[in-house]
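A.B. asks: Please see the structure below; I have some questions.
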Amino acid sequence: IYGSSSGAMIDVEFAALFPDAVSHLITLGGYVDGRSVRDNADVPITDAIMTMAKEGWDKPDSAFMSGLLSVYFPTMDRDQLNRLARKFQDSCPVENEIRGRTFFNHHSVAGILDKVQVPTLVMHARGDAVHPLSEGQKYARGIPGAQLLVLESRNHYPLPEEPAWRDMIEAMHDFLAS
């Protein structure tokens, strides 16, 4: 199974609870501890982001959406960010976004990492400003035998035009073929 960002938490939980249903686990840009759980968590900033999301999520050409996505994808140009923002807005109602952010900000999988017993590839971008590389390193240290691949990208997920994209795809292919 493959999960990115908060989806990595879901993958880890599934692999820990249902080891017979998973042959390999791959994560990208994941985090072990939600923002409100991490050491030195800044709850007022988290609350401010939620307030801005409530106000700006549904607005066309929202400054909030543009700003949020530019943190996730700092190498995207303005047109790409605007198209991506519209896809996010069209695919997820603001209520779902708030529920998801609230849950994942307060969630942690630290206590079950050692229960994951399948081959695991943890990928994380070195310059990820959304979830720091240290969160990917926590996965790699906590899951027995996990491999860590640090991708040379500033984006939360490497983009197809980056060399890191090719590195990511090749690593996944090689990992699954082994």
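The values are calculated or read from the model by the stated rules, or taken from the named source; none is laboratory data. Just so you know, these numbers come straight off a predicted model, no measurement behind them. Methodologically, a virtual Cβ is constructed for each residue, glycine included, from the backbone with ideal geometry; neighbour enumeration extends over all protein chains shown. These accessible areas exclude ligands, DNA and RNA; they are computed on the full protein's heavy atoms, side chains included. Shrake-Rupley method; radii C 1.70, N 1.55, O 1.52, S 1.80 Å.
A.B. asks: Would you work out what percent of the accessible area of the chain, with all protein chains in place, is carbon or sulfur (probe 1.4 Å)?
C.D. replies: Numbers: 5240 of 9320 Å².
Roughly 56 percent, rounded to a whole number.
A.B. asks: Which shape class, rounded, prolate or oblate, goes with the range 23-178 when its Cα gyration tensor gives a ≥ b ≥ c as root eigenvalues, a/c under 1.5 marks rounded, and past that a/b bigger than b/c marks prolate? Mind dumping the intermediate values first?
C.D. replies: Values: a/c = 2.16, a/b = 1.35, b/c = 1.60.
Oblate shape, in that a/c is at least 1.5 and b/c is the bigger or equal ratio.
A.B. asks: Treating only the Cβ of Lys, Arg, Asp and Glu as charged (+1, +1, -1, -1), what charge dipole size does the chain show about its Cα centre? Round to the nearest 20 debye.
C.D. replies: Numbers: 16 positive and 24 negative charges, 36 e Å.
The calculation lands at about 180 debye.
A.B. asks: While we're looking at this one, here's another question. Before I look further, what does the chain give for accessible area per residue, probe 1.4 Å, in whole square angstrom?
C.D. replies: Details: 9320 Å² over 178 residues.
For the chain, the solvent-accessible area averages 52 Å² per residue.
A.B. asks: Quote the accessible area belonging to T51 in square angstrom, nearest 10, computed with a 1.4 Å probe and with ligands, DNA and RNA left uncounted.
C.D. replies: 80 Å²
A.B. asks: In degrees, nearest 10, range 0 to 90: what is the angle between the Cα axis of helix 133-142 and the longest Cα principal axis of the chain?
C.D. replies: With rounding to tens, the tilt is 30 degrees.
A.B. asks: Still on this model: Going by the alpha-carbon gyration tensor, a ≥ b ≥ c the square roots of its eigenvalues, is the range 135-178 rounded (a/c under 1.5) or, if a/c is not under 1.5, prolate (a/b greater than b/c) versus oblate? Mind dumping the intermediate values first?
C.D. replies: Numbers: a/c = 3.50, a/b = 1.33, b/c = 2.63.
Since a/c reaches 1.5 but b/c is at least a/b, the shape of the range 135-178 is classed as oblate.
A.B. asks: Which longest uninterrupted range of the chain lacks any GluC sites (Glu not before Pro) assigned by DSSP to a loop state (not H, G, I, E or B) and surrounded by at most 13 other Cβ atoms within 10 Å?
C.D. replies: In the chain, the maximal stretch lacking such sites is 1-151.
A.B. asks: Where a ≥ b ≥ c are the square roots of the eigenvalues of the C-alpha gyration tensor, would you call the range 92-139 rounded, which needs a/c under 1.5, or, failing that, prolate if a/b is larger than b/c, or oblate?
C.D. replies: Details: a/c = 2.35, a/b = 1.46, b/c = 1.61.
Note, shape of the range 92-139 comes out oblate.
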